[in-house]
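Undergrad: Encoded as structure tokens, here's the structure I'll be asking about.
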Amino acid sequence: MGSDVISLKLQQKFIIGTVIAIFVACVPQICTSESLGFCSKDDTDCKDGDIIKSVPRFILYDVNPPEGFNLRRDVYMRMARFVRKLKKVGDWHLVLPPWGRMYHWQSLDVGAQDRLPWSLFFDIPSLKRFAPVIEMHEFMREYGNLTLDVVYVLQHYEDMWKSGKWEDKFSIEPCNEEIYYSKLSSGKFRGWFWGYSNITASEVQCLSFHGHVSLLRGVVQNLSARAVMFDHAEVALHDVFGDAVYWQARRSMRFAPVLVRLAANFRAEHLNSTDEADGTTRPDDWTLEKPRSGTKGGPYLCVHMRRKDFLLGRPKHVPSIAGAATQLRQRLKELGLTTVFVATDAPDEEFEELQRHLSSFQVLRYTPAQVVKETYKDGGVAIIEQIICSHARFFIGTYESTFSFRIQEEREIMGFPEARTFNRLCGDAEKKCSPPTAWRIVF
């Protein structure tokens, strides 16, 4: 089993000297004054002296708490595109919501897994090349006042589900369900706010909404507010799914360089895989990427084998361990490969069962040293697995898994053939299962 574990010494090599900022739950000094007024330079009612030039304004957002890491990445892309457009009419910035504990972040030996900055997982300068984003700690410093002007809780129109009449619209309406905001004696509202106890809101409204995310511009265009939050932002749809701008947003979501290096080290040491040999070298700046095809990849197969909640939620489409091994054995023989890398949430005993079924092959997974887990948490470990899978010669995912989908997107960006990217494990009772939808990259 030693071949499937990265040595502690090698992992520490990449972490020593890497400073991860620990962002505290509050800033030392909280300004209690009201938000600054705002008057657009294009407003004909503005008088000389009323205009505050380049006053930064902020869009904050959150999503339904049960949503996982990879769905939240999708919602970010919608909001980033929205604020990218909004930037043309004002100095708007998108505040990146801190990461909190997810369903799959279950490790108890890594310290707190809440209020984690995006820089822990993603390359912030790369994100900024697409949209004007800032971290929460930057917002706290720039805004000064930790009372948001207004929170809009997005909700679906109830009558649309009953009538089936779909139309793009929004309106302030009574809340369809209980919302987790309470009014304080001061008149301000307390909410979850990512676990920050010092953030409040002056106003909370339920916003029935149906349409693309750009429709939110109609909500903010006449506001003087500087800090507007949209809760349940997943209700707003992509403006266009899969067009060139979608892929620009997706390509900008480069992972934190240290995670990329850790994954590259594992590939080189255990999988005989390097970017130079595999044809997966990419420019440092995603805007310089060109269309590519026929990428080779490393000499291994990667499978994302989702278990746990999928065993209950999608039992027909999740194979048994023996069934998965049969499918993997067939693919490995077809490809002439002897190594399979497994990204899975399966317990140790299931992984060991898979190894027994595939005893004539090398079956590996990424087992991080404690220093990696404590520094980059469960989210960082999952990203390292995604990076390793995205560089494989052949990839097999899990039915309807966003974890698998994100890997397929990475492979699309790197130019892997469709037939070696859009594949999935079939359930034991499925004689033949259809492959996942192939969303091809557009430049």
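The values are calculated or read from the model by the stated rules, or taken from the named source; none is laboratory data. None of the values given here were measured: they were computed from a predicted structure. Cβ coordinates were reconstructed from backbone atoms using ideal geometry, including for glycine residues, and neighbour counts include every protein chain displayed. When the accessible area is computed, the model is the full protein with side chains, heavy atoms only, and any ligands, DNA or RNA have been set aside. Shrake-Rupley method; radii C 1.70, N 1.55, O 1.52, S 1.80 Å.
Undergrad: Take each of the peptides 230-238, 417-425, average the number of other beta-carbon atoms within 10 Å over its residues, and list them starting from the highest. List each step's numbers first, then the result.
TA: Working: 230-238: 21.9, 417-425: 19.0.
Going by the mean number of other Cβ atoms within 10 Å, highest first, we get 230-238, 417-425.
Undergrad: Still on this structure: Taking Cα atoms, how many degrees apart are the long axis of helix 402-414 and the longest axis of the chain, rounded to 10 and kept between 0 and 90?
TA: Compared with the principal axis, the helix lies near 80 degrees.
Undergrad: Report the equivalent ellipsoid semi-axes for the stretch 46-144 in whole Å, largest first, defined as the square roots of five times the eigenvalues of the gyration tensor built from alpha carbon atoms.
TA: Whole-Å semi-axes of the equivalent ellipsoid: 30, 15, 12.
Undergrad: By how many degrees, between 0 and 90 and to the nearest 10, does the Cα long axis of helix 321-335 differ from the longest principal axis of the chain?
TA: 70
Undergrad: Turning to a different aspect of this structure: If you count, for each residue, the other Cβ atoms within 10 Å and average over each peptide, how do 289-295, 102-108 line up from highest to lowest?
TA: Most protected by this proxy first, the peptides run 102-108, 289-295.
Undergrad: What is the stretch 299-357's relative contact order, in percent, from Cα pairs under 8 angstrom and six or more apart in sequence?
TA: 57
Undergrad: Between residue 326 and residue 293, what length comes free when the chain is fully extended (0.36 nm per residue of separation minus the Cα-Cα distance, one decimal in nm)? Mind showing how you got there, number by number?
TA: On the way: separation 33, 0.36 × 33 = 11.88 nm, distance 2.98 nm.
Taking 0.36 nm per residue and subtracting the Cα distance, the gain is 8.9 nm.
Undergrad: Next question, about the same structure. Local charge sum around residue 307 (other residues, Cβ-Cβ under 15 Å, Lys/Arg +1, Asp/Glu -1)?
TA: Values: positive: 306, 308, 314, 316, 365, 424; negative: 309, 345, 348, 349, 350, 352, 353, 385, 400, 428.
Residues near residue 307 contribute -4 overall.
Undergrad: May I pose another question? For a quick protection proxy, order the peptides 187-199, 403-415, 68-80 by their average other-Cβ count within 10 Å, most packed first.
TA: Ranked by mean Cβ neighbours within 10 Å, highest first: 403-415, 68-80, 187-199.
Undergrad: Let me ask something else. Determine the calculated [θ] at 222 nm for the chain from helices alone, applying -39500 (n - 2.57) to every DSSP H run no shorter than 4 residues and normalising by the residue count; nearest 500 deg cm²/dmol.
TA: It lands at -9500 deg cm²/dmol.
Undergrad: How much FRET efficiency would the formula 1/(1 + (r/R0)^6) give for residue 197 and residue 166, where r is the Cβ-Cβ distance and R0 is 35 Å, rounded to 0.05?
TA: Details: r = 40 Å, r/R0 = 1.14.
Efficiency, rounded to the nearest 0.05: 0.30.
Undergrad: What per residue convex hull volume, in Å³, do the alpha-carbon atoms of the stretch 86-220 yield?
TA: Dividing the Cα hull volume of the stretch 86-220 by its residue count gives 170 Å³.
Undergrad: If the viscosity is 0.890 mPa s and the temperature 25 °C, what translational diffusion coefficient in µm²/s does Stokes-Einstein give for the stretch 173-323 when Rh comes from Kirkwood over Cα pairs?
TA: 116
Undergrad: Within the stretch 251-289, name every residue whose backbone N is under 13 Å away from a label modeled 7 Å from Cα of residue 309 along the Cβ vector.
TA: Counting backbone N atoms under 13 Å from the label point, the list is empty.
Undergrad: Also: Can you pick out the pairs among 87/296; 290/373; 308/431 whose Cα atoms lie more than 28 Å from each other? Kindly include the intermediate steps, with their values, before the conclusion.
TA: Numbers: 87/296 40 Å; 290/373 35 Å; 308/431 23 Å.
Correct reply: 87/296; 290/373.
Undergrad: On a 0 to 90° scale, report how tilted helix 370-390 is relative to the longest principal axis of the chain, with both axes built from alpha carbons and the result rounded to the nearest 10.
TA: 70
Undergrad: How much length is gained if the chain between residue 128 and residue 190 is pulled fully straight, taking 0.36 nm per residue apart and subtracting their Cα-Cα distance, in nm to one decimal?
TA: 19.3 nm
Undergrad: Skip the ligands, DNA and RNA, and give the accessible area per residue of the chain with a 1.4 Å probe, whole Å².
TA: I get 46 Å² per residue for this part.
Undergrad: Would you work out the relative contact order for the stretch 289-426, in percent, from Cα pairs under 8 angstrom that are 6 or more residues apart?
TA: Once normalised by length, the contact order is 39 percent.
Undergrad: With N residues in the chain, what two-decimal value do you get for its Cα radius of gyration over 2.2 N^0.38 Å?
TA: Against the compact-globule rule of thumb, the ratio is 1.06.
Undergrad: Counting C-alpha atoms alone, how compact is the stretch 302-417: give Rg to one decimal and Dmax as a whole number, in angstrom.
TA: Radius of gyration, then largest Cα-Cα span, for the stretch 302-417: 14.0, 40 Å.
Undergrad: Next question. Need one number: nm distance between label points at residue 141 and residue 356, each 7 Å from Cα along Cα→Cβ, rounded to one decimal.
TA: For residue 141 paired with residue 356, the spin-label model returns 5.5 nm.
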